[in-house]
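Working notes for the structure below.
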Amino acid sequence: MQASVFSLRLQRPLPLALAFCLFMLLGACASTPPKPTLAQRQAQTLTQLGFNKIDEGWILILPDRISFEFGKDDLKPAFRKSIADFANQLLAVDIHQLRIDGYTDDVGARDYNLILSQRRADIVANAFVADGFAAKNVERKGLGSDYPAADNGTTEGRAQNRRVEIIVPSNALAVP
């Protein structure tokens with residue numbers, strides 16, 4: 001009788017110990033995954049905003065979101081709001097440096113188009129500055145009609161070429 005009481009005492013803690021170990025193992029499996037790194041959050045934000053990875057960093061071409069009327073450099077209110085949204089989201093993931101490239105179609109004199117493309121780059125850059133970017137961290141380039149994104153032989157193509165591109169340089173991003 002004493003042997004059976006002793007063996008009963010040993011058998012009861014064993015299932016409890018196994019249950020405890022199983023609970024601890026399952027608890028470890030259910031723990032939250034590690035937080036994404038800053039580099040991962042930056043890449044995710046840039047992708048969600050529509051940027052594409054290129055050799056020199058990330059680029060967003062804006063003919064569909066921020067385009068300009070022929071011969072104009074003013075931002076429409078909807079485009080201004082888009083820039084404010086971009087600025088807030090980029091700053092939220094510690095992206096503080098940009099390059100804004102302005103372009104034109106090929107209608108008109110080359111010198112005029114270079115000046116107009118610079119004004120387009122400036123107006124978009126100034127909007128980013130107004131939304132929290134330091135002016136010294138927003139480079140601006142007017143490239144005229146030298147790098148068309150579409151065929152200048154059509155009305156639609158010329159409209160696509162009146163654009164700005166926003167570039168986030170690689171050196172502005174966290175190291176993965």
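The values are calculated or read from the model by the stated rules, or taken from the named source; none is laboratory data. These numbers come from a predicted model, not from an experiment. When we count neighbours, we look across all protein chains shown, and the Cβ atoms used for this are built from the backbone with ideal geometry, even at glycine.
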Worksheet item: Which of the following residues is at pLDDT below 75 and closer than 30 Å to S145 by Cα: I66, I95?
Response: I66
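Pick from D146, D101: which is on the phi < 0 side of the Ramachandran plot and exposed (fewer than 14 other Cβ atoms within 10 Å of the Cβ)?
Numbers: D101 fails: exposed (fewer than 14 other Cβ atoms within 10 Å of the Cβ).
Unique residue meeting the criteria: D146.
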Worksheet entry | Enumeration of residues in the stretch 110-167 that are of a type in the set (V, I, T), under 16 Å from I61 (Cβ atoms) and part of a helix (DSSP H, G or I) | V124
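Given the structure, is G57 of a type in the set (G, A, S) and touching a residue at least 60 places away in the same chain (Cβ under 8 Å)?
On the way: of a type in the set (G, A, S): yes; touching a residue at least 60 places away in the same chain (Cβ under 8 Å): yes.
In short, yes.
Please work out if A39 is modelled with pLDDT under 95, within 9 Å of the chain's Cα centre (by Cα) and part of a helix (DSSP H, G or I).
Working: modelled with pLDDT under 95: yes; within 9 Å of the chain's Cα centre (by Cα): no; part of a helix (DSSP H, G or I): yes.
No: the conditions fail for A39.
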Fill in: The listed residue being in the same structural domain as L46 (by TED's automatic domain parsing), closer than 26 Å to P36 by Cβ and not basic (K, R), out of I100, I115, I167
I167
Item to complete: Please enumerate the residues belonging to the stretch 65-107 that are assigned to a loop (DSSP other than H, G, I, E, B) and out of contact with any helix residue (DSSP H, G or I) (no Cβ under 8 Å at 6 or more places or on another chain).
Response: E69, K72, K76
